[in-house]
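Asks: The structure's right below; bear with me while I get my questions together.
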Amino acid sequence: MKNTKISIQMKQTAEGQIRKLQKEISFDTKDYPIEVLVDKFRSDDFYIPEYQRKFVWDNAKKVRFIESVLLGLPIPFMFFSDNEDGRCEIIDGAQRTQTLEEFLYNDLMLDDLEKLTSLNGFTFTDLPEIFQRKFKGRTLRIVVLADTTTIETRQDIFNRINTGGTQAIPSEIRRGSYTGPFMQFVEKCAKDIQFNNLCPISETMRKRYEDSELIVRFFAYLNNYQNFHHAVEDFLNEFVQCKEKEFDEEAYEKEFRGMLNFVEKYFPYGFAKTKNAKSTPRVRFEAISVGVALALRERPNLEPHSMEWLNSEQFKIHTTTHASNSPKRVCGRIEYVRDVLLKGECDENDN
């Protein structure tokens, strides 16, 4: 039961805020035939903005979507935004648009359909002509925001859409929601050759911005891990939001580079477990990267006496895949690496 009494003034303030923010979002609703939608996408009249995630639908999702269109099932609205140059930015609907293009141009073969099983093995031009025409003429409803809509509002819509379902993972949402100097710096770090050599990431996860995710975690934990008390996603988002306003790029670059140089010199497989590893566990990356950087803050010219602790049972316990993200475990794995480097030896009895 609420205890706050809502006054007339509070109601008036709320009404004013709602009206003000509603005025910031002006939109129109348009119906585009699939053929027109794809033509405009191919001519770059409709385009995917930089902050959007890459195309990651697998074949099963593609054919399921095409089957839904062929069956005449309702397709969720897509969200575009008018630009001053006359083009439209695709805020939500990039994967559907690209799948439609792929199918119309015979680059997608239908397979493992659930309902239209007789179409397995078909491409678009294999369809009877009447259904080719019907498919191209099927209209999809698109909400088009006015060109006065700010980039912040577009990104907020992208964020809200993708946190309302299962389409995007936190790293993708974060990349779509924050595009200021700090996230631009993170993107630059993600492309760094030394980082990529030391930190193997599968192509699938790279498409979902795992490289950027790891770097955000590095800076967030390095500078604030002792204040981590809740969900990782919220912790990272709050850190990024704070750094979007102001951060010292030169200082961040120096610590990032110093940490990478140390790892390259003293860790035989970089952040990976083995020489031929194709991926890097997050908990292992966090422990090594942040632990090393913290140790270097205390002793910039650190030269470890031994790296045998990398094969110790204690380090394994700290960095196994089932290690949770509780504050105790986060602090435990980070400080273990920091302390063992500063001590120069592995103490198997550490807790």
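The values are calculated or read from the model by the stated rules, or taken from the named source; none is laboratory data. Quick caveat: nothing in here was measured; it's all calculated off a predicted structure. Neighbour counts are summed over all protein chains in view; Cβ atoms, including those assigned to glycine, are modelled from backbone coordinates with ideal geometry. Ligands, DNA and RNA are stripped out before the accessible areas are found, and what is left, the full protein with its side chains, is counted by its heavy atoms. Shrake-Rupley method; radii C 1.70, N 1.55, O 1.52, S 1.80 Å.
Asks: Quick one: which residue in F262, F285, F315, F256 is more than 17 Å from N223 (Cβ to Cβ) and at pLDDT 95 or above? Can you show your working first?
Replies: On the way: F285 fails: more than 17 Å from N223 (Cβ to Cβ); F315 fails: at pLDDT 95 or above; F256 fails: more than 17 Å from N223 (Cβ to Cβ).
Just a single option satisfies the conditions, and that option is F262.
Asks: Considering only the range 194-225, state which residues are polar (S, T, N, Q) and in contact with a helix residue (DSSP H, G or I) (Cβ under 7 Å, 6 or more places away or on another chain).
Replies: Of all residues in the range 194-225, those polar (S, T, N, Q) come to 194, 196-197, 202, 204, 212, 223-224.
Residues satisfying the conditions are Q194, S212, N224.
Asks: Would you check which residues across the range 209-235 are under 18 Å from E255 (Cα atoms) and exposed (fewer than 15 other Cβ atoms within 10 Å of the Cβ) and list them? First the steps, then the outcome.
Replies: First, the residues of the range 209-235 that are under 18 Å from E255 (Cα atoms): 211-225.
N224 - this is the single residue of the range 209-235 that is under 18 Å from E255 (Cα atoms) and exposed (fewer than 15 other Cβ atoms within 10 Å of the Cβ).
Asks: From C189, C242, grab the single residue that is modelled with pLDDT of 95 or more and not aromatic (F, W, Y). Spell out how you get there, then give the answer.
Replies: On the way: C242 fails: modelled with pLDDT of 95 or more.
Result: C189 is the single residue among C189, C242 that is modelled with pLDDT of 95 or more and not aromatic (F, W, Y).
Asks: If a residue must be farther than 19 Å from E210 by Cβ, touching a residue at least 60 places away in the same chain (Cβ under 8 Å) and either hydrophobic (A, V, I, L, M, F, W, C) or loosely packed, with under 13 Cβ neighbours inside 10 Å (or both), how many such residues does the range 274-332 contain?
Replies: Matching residues across the range 274-332 total 3.
Asks: Only one of these is among the small types (G, A, S), at pLDDT below 85 and open to solvent by 20 Å² or more (accessible area, probe 1.4 Å): G180, G176, G164. Name it. Working first, answer last.
Replies: Values: G180 fails: open to solvent by 20 Å² or more (accessible area, probe 1.4 Å); G176 fails: open to solvent by 20 Å² or more (accessible area, probe 1.4 Å).
Exactly one residue qualifies, and that residue is G164.
Asks: Identify the residue in the range 261-273 that is open to solvent by 30 Å² or more (accessible area, probe 1.4 Å) and of a type in the set (F, W, Y) and, among all such residues, is nearest to L198 (Cα to Cα). Walk me through how you get there before you give the answer.
Replies: So the first thing to find is which residues in the range 261-273 are open to solvent by 30 Å² or more (accessible area, probe 1.4 Å), and the list is 261, 264-266, 268-269, 273.
Pick out the ones that are also of a type in the set (F, W, Y) and you get 266, 269.
Numbers: Y266: 12, Y269: 7 Å.
Applying the filter and picking the extreme gives Y269.
Asks: If N197 satisfies every condition in (1) in a helix (DSSP H, G or I); (2) open to solvent by 50 Å² or more (accessible area, probe 1.4 Å); (3) at pLDDT below 95; (4) not small (G, A, S) but one, which is the exception?
Replies: (3)
Asks: I've got another one for you. So which pairs qualify, if the first residue must be in the range 87-99 and over 11 Å from K62 (Cα atoms), the second must be open to solvent by 20 Å² or more (accessible area, probe 1.4 Å) and among the aliphatic types (A, V, I, L, M), the Cβ gap must be under 7 Å, and the two must be at least 6 apart or on different chains?
Replies: Going by the 7 Å Cβ cut-off, the qualifying pairs are I90/I48; I91/I157; D92/I161; A94/I48.
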